[in-house]
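Take a look at the structure set out below.
All of the numbers you see were taken from the coordinates with simple rules; none came from a lab. On a predicted model such as this, the values are computed, not experimentally measured, just so you know. A quick note on method: Cβ atoms are made from the backbone with ideal geometry, for glycine too, and the neighbour counts reach across all protein chains shown.
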Amino acid sequence: MTDDLFGPLEYVTFKDASKNYYEGTVSFDAQPCIISFDADENGPTTAQKEFFRELADRYPQLKNEVLLPFLDRELEDWTSKEPLTDFDKAFEMDGISFYRIEGGPISWSLTLYWLNIDHWVTIEFNDWTPEEGVAIDG
């Protein structure tokens, strides 16, 4: 399917239809970004599109005011005690995933490629607040 916001999307299905999701590549923060989200065969919901638009609008502030201090704390053992000071020089966008949005806090994740150490960092969120801890994969 081709969505008016997300563009071309691949629909991935399972025997358990609650696990079905869409995946595609979008431009986000002026970078290509893999996007995936849980949905049925009708495609993304209005709430999912609204969330993505709000995320795109908030992202410049989010990365500097929330992500940079959060990652500086969470990745302290990996940074040789050198603080992270420039988000855009340290990380590239890799992917955004979100689930069905049915009221309450929105659960989503952000995966970044950490340029300095050639690893991916995934952060889980509830609404706009990162959960403690990150997953690092190299």
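Run the numbers on the chain and let me know its relative contact order in percent, using alpha-carbon pairs under 8 Å that are six or more apart. Walk me through the numbers before you get to the answer.
Values: 220 pairs, mean separation 22.6, N = 138.
Relative contact order of the chain: 16 percent.
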With axes computed from alpha carbons, what is the tilt in degrees of helix 46-62 against the longest principal axis of the chain, rounded to the nearest 10 within 0 to 90? 10
What does the net charge come to around Glu50 if you take all other residues with beta carbon closer than 15 Å to its beta carbon, with K and R at +1 and D and E at -1? -2
For region 116-138 and region 6-48, what is the separation of their C-alpha centers, rounded to whole Å? 20
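Starting from 0.36 nm per residue, how many nanometres of slack lie between Asn116 and Glu102 once their C-alpha separation is accounted for? Working shown, then result.
Working: separation 14, 0.36 × 14 = 5.04 nm, distance 3.78 nm.
Stretched out fully, the Asn116 to Glu102 stretch lengthens by 1.3 nm.
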How much net charge surrounds Phe87 when only other residues with a Cβ under 13 Å from its Cβ are counted (Lys, Arg +1; Asp, Glu -1)? -4
What label, among (i) 16.5; (ii) 19.7; (iii) 15.8, belongs to Kirkwood radius over Cα pairs in Å computed from the structure on display? (iii)
Determine which residues of region 34-63 fall in the zone a paramagnetic label at Asp137 would reach in this model, i.e. backbone nitrogen under 14 Å from the point 7 Å along Cα→Cβ. 34-36
Can you say what percent of the DSSP beta bridges in the chain, counting only those with both residues inside, are antiparallel? Round to 5. 90
Would you check the chain for Lys pairs whose C-alpha atoms are within less than 22 Å, ignoring same-chain pairs closer than 8 in sequence, and give me the count? 5
Computed [θ] at 222 nm, deg cm²/dmol, the chain (DSSP H ≥ 4; -39,500 (n - 2.57); rounded to nearest 500): -6000 deg cm²/dmol
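Let me know the charge dipole size of the chain about its Cα centre in debye, to the nearest 20, where only the beta-carbon of Lys, Arg (+1) and Asp, Glu (-1) is charged. Mind dumping the intermediate values first?
Working: 10 positive and 29 negative charges, 29 e Å.
Value, rounded to 20: 140 debye.
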